[in-house]
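Taking it in order: structure first as structure tokens, then the write-up.
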Amino acid sequence: MEQDNLFTPIESKRTFEEISSKVKALIFEGTLKPGDRLPSEQELAKQFGVGRQSVREALRLLELSGLVSIQKGYGGGPIVKDTISTRIRNLYLDAFRMEKITVEEFTSARLVIEKAILNEVIDKADESDIKCIQTNLAEAQELIANKKLATDENFDFHALLAKASKNRVFIILEKSINAIHRNLRSRSTADFKTTRNAVKAHQKILDAIINKDREKAIQLLDQHIIDVMKSY
């Protein structure tokens with residue numbers, strides 16, 4: 001897209017915040033999209049009518065927000081890159097550690113969120129969603145058959161359920177849940193029996209989803225998550 005004179009001069013005591021806000025506005029309205037390269041620091045300073053230090057501070061703020069990535073070296077510079085969901089996931093994980101949240105508290109919240117996700121999945125999942133989940137289960141079952149762990153596939157199962165809900169809030173929340181779950185799982189030795197049981201539970205949940213048996217699907221999910229809690 002044409003970026004000449006994309007920005008106009010500003011006057012403010014905290015110019016870097018206003019620069020950051022103006023760039024954010026263009027990203028949120030879709031004028032700037034992930035992958036777009038912003039003008040250089042020098043060009044941004046010229047368009048905004050400010051010093052390069054203000055631009056540098058604004059770009060740093062945008063980078064911390066997960067909206068811009070600063071590429072180093074030749075041909076580098078600021079690039080629009082949506083990493084907000086990753087930042088949110090990491091913030092949840094940091095809060096989990098800082099607040100010393102218990103496994104029981106995490107499981108209680110997870111039950112509420114994932115049951116809500118499952119409700120949406122039963123209503124909104126389409127054929128492509130089901131196929132993606134079936135592929136995930138087939139890969140997990142093959143690993144189990146070869147006496148290998150299916151840890152990543154089991155995490156992906158829940159992420160695919162969130163995606164099938166067609167609700168972007170649930171997708172973000174599930175990423176946070178998975179981050180905390182991975183942290184808890186990393187504290188103990190990998191257990192083949194636990195990962196095998198999870199794959200079996202996932203298959204039963206998917207069967208209930210396909211059959212539109214809401215009550216059974218939720219009951220199975222409830223028991224599965226409680227079993228997972230006991231395995232930490």
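Key figures for this structure:
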| item | result |
| --- | --- |
| Check: the chain dipole with +1 on Lys, Arg Cβ and -1 on Asp, Glu Cβ, in debye | 600 debye |
| Theoretical gain in end-to-end length, residue 115 to residue 183 [0.36 nm per residue, Cα-Cα removed] | 22.3 nm |
| Residue-wise HN-Hα coupling along the stretch 165-175, computed from phi with Karplus coefficients 6.51, -1.76, 1.60 (Hz; x: Gly, Pro) | 6, 6, 10, 5, 5, 5, 4, 5, 4, 5, 4 |
| Peptides ranked, highest mean first, by Cβ atoms within 10 Å: ranges 125-137, 174-186 | 174-186, 125-137 |
| Listed values (i) 62, 39, 32; (ii) 46, 37, 32; (iii) 69, 35, 29, entry calculated as Cα extents along the principal axes in Å | (i) |
| Pairwise label distance in nanometres, residue 29 with residue 210, each label 7 Å out on the Cα-Cβ vector | 4.8 nm |
| Candidates 83, 195, 15: whichever shows maximal mean-square fluctuation once the chain is modelled as a Gaussian network with Cα springs under 10 Å | 15 |
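Values quoted throughout were computed directly from the atomic coordinates according to the rules given, and no laboratory measurement underlies them. The structure presented is a predicted model; accordingly, all values stated were derived computationally and were not measured. For neighbour counting, all protein chains shown are included, and Cβ atoms are generated from backbone atoms with ideal geometry for every residue, glycine included.
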